[in-house]
Amino acid sequence: MNTRLTTPSHEEVTARALQLWQIAGNPVGRDVEFWLAAEAEVIHERAEITQAADKPAAIPPSTVTARTMRPVSQTSSSQQKHLPGHLCRPAC
């Protein structure tokens, strides 16, 4: 894993710590607590992004198509096509 991608910059941690501090109501004397929490959050977010980028993208079910065959009873004789080497029932 590339440490440059997972190690947050000072500016990123500062910005997140400020957000956490403001959300908590600007308490005094808890700067280390907010710094460590911000650092952990940014590292976690980056790890999730890195893991998501490493995984192959899933194909949404709506884009997957399956080839279906109609039962013989629903196929008219004019629609039936025989390929070379096709094994027919005795009725063909």
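The values are calculated or read from the model by the stated rules, or taken from the named source; none is laboratory data. Please read these numbers as outputs of a predicted model, since none were measured by experiment.
See the values below:
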| read-out | value |
| --- | --- |
| Which listed residue, of Thr65, Thr14, is among the hydroxyl-bearing types (Ser, Thr, Tyr) and either on the phi > 0 side of the Ramachandran plot or at pLDDT 80 or above (or both) | Thr14 |
| In the stretch 28-59, the residues that are assigned to a loop (DSSP other than H, G, I, E, B) and either on the phi > 0 side of the Ramachandran plot or among the basic types (Lys, Arg) (or both) | Gly29, Arg30, Lys55 |
